[in-house]
1. Where residues in segment 102-134 are surrounded by 13 or more Cβ atoms within 10 Å (Cβ to Cβ) and in a loop (DSSP other than H, G, I, E, B), which of them is modelled with the lowest pLDDT?
2. Against the conditions (1) surrounded by 13 or more Cβ atoms within 10 Å (Cβ to Cβ); (2) at pLDDT 85 or above, where does Leu196 fall short? Just the number, please.
3. List every residue pair whose Cβ atoms lie under 8 Å apart, where the two residues are 6 or more positions apart in sequence or sit on different chains, the first residue falls within segment 52-79 and is farther than 13 Å from Ser39 by Cβ, and the second residue, located anywhere, is at pLDDT 90 or above and of a type in the set (D, E, K, R).
4. Could you say whether any residue in segment 218-227 is of a type in the set (Lys, Arg) and within 18 Å of the chain's Cα centre (by Cα)?
5. Give segment 171-191 a look and list any residue that's farther than 14 Å from Leu70 by Cβ and in contact (Cβ under 8 Å) with a residue 12 or more places away in the chain, or say none.
6. Going through Leu206, Leu210 one at a time, which residue ends up being surrounded by 18 or more Cβ atoms within 10 Å (Cβ to Cβ), at pLDDT below 85 and of a type in the set (A, V, I, L, M, F, W, C)?
7. Looking at (1) modelled with pLDDT under 85; (2) farther than 24 Å from Asn79 by Cβ; (3) surrounded by 17 or more Cβ atoms within 10 Å (Cβ to Cβ), which one does Phe224 not meet, given that it meets all the others?
8. If you check Arg73 against the conditions, is it assigned to a loop (DSSP other than H, G, I, E, B), at pLDDT 80 or above and out of contact with any Phe, Trp or Tyr (no Cβ under 8 Å at 6 or more places or on another chain)?
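The values are calculated or read from the model by the stated rules, or taken from the named source; none is laboratory data. Since the model is a prediction, treat every value here as computed from it, not as a measurement. All Cβ positions, glycine included, derive from the backbone under ideal geometry; neighbour counts span all protein chains shown.
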Amino acid sequence: MSEVVASVSVGNQLFWLFILAAFFVGLSKGGMPGVGMLSVPLLALAISPLVAAAILLPIYILSDIAGVWLYRRDYSPRNLVILIPAGVTGVVLGWLTASMVSDRVVSVMVGIVGVSFCLYFWLKMSGTRDSKPAALGPGLFWGTLSGFTSFVTHAGAPPYQVYVLPQKLPKTVFAGTTTIVFAVINLAKVIPYAALQPYTRDVFWLAAILLPSALAGTIAGRVFTRTVSEKWFYLAVQIALFIISVRLVFNGVFQ
């Protein structure tokens, strides 16, 4: 991880990839959780996905602080009670299995998660349905899976959304619940990530440099949540995610 950080300098391609990834992280914390899925796949085109996830974690946590404050009054208590313990359990499972897989396998996993989410959303989630309650059993399953995929790739949004979107929560309640759940999950990742990818002073300096981009994304996400057409914005994000994910699967399998 230190070698990657050392190679980042203002003006090079990797630096701007980090800036863009941090902005996507901020957007996700500002109320657009699906956007955050782009961050690790984007960086995984150039560096190890696990290293990318570890470097971005401080950005996620710092952005969580702003996001939780913005949505401190808008959340679903029942969903928090179900999803937070399940998500932390998923983080522990991810930690136990992370050392058993190679970077190539993780890249393929990142790509498959992204492709699966897009296909599921396009084929299944676009239709109008009656709202569903926050049931305990499905919540524990999808919450655990969300914590696991969040640990591996910071891509906990797909399983989370499979469970929460059918509830048809008000937009701000959905955004606030998402922000709080993943704030706790990200805190739970600190010790495992530090054990797998030891942090150095350079990593924290990079996080400090990227923080303004993440905070700008958080504010922009809050504004977009209130003003921008969700349909077209998310469609653009999903198309970008699909293209990047297909590329990661191809690279992992054939290169």
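1. So, considering only residues that are surrounded by 13 or more Cβ atoms within 10 Å (Cβ to Cβ) and in a loop (DSSP other than H, G, I, E, B), the one modelled with the lowest pLDDT is Lys132.
2. Answer for Leu196: the failing condition is (2).
3. From segment 52-79, no pairs qualify.
4. Of the residues in segment 218-227, the ones of a type in the set (Lys, Arg) are 222, 226.
Adding the requirement that they be within 18 Å of the chain's Cα centre (by Cα) leaves 222.
Yes, the conditions are met somewhere in segment 218-227.
5. From segment 171-191, those farther than 14 Å from Leu70 by Cβ are 181, 184-191; that's our starting set.
Correct list: Val181, Val184, Ile185, Asn186, Leu187, Ala188, Lys189, Val190.
6. On the way: Leu210 fails: at pLDDT below 85.
Exactly one residue qualifies, and that residue is Leu206.
7. (2)
8. Details: assigned to a loop (DSSP other than H, G, I, E, B): yes; at pLDDT 80 or above: yes; out of contact with any Phe, Trp or Tyr (no Cβ under 8 Å at 6 or more places or on another chain): yes.
Considered against the rule, which asks whether it is assigned to a loop (DSSP other than H, G, I, E, B), at pLDDT 80 or above and out of contact with any Phe, Trp or Tyr (no Cβ under 8 Å at 6 or more places or on another chain), Arg73 comes out as yes.
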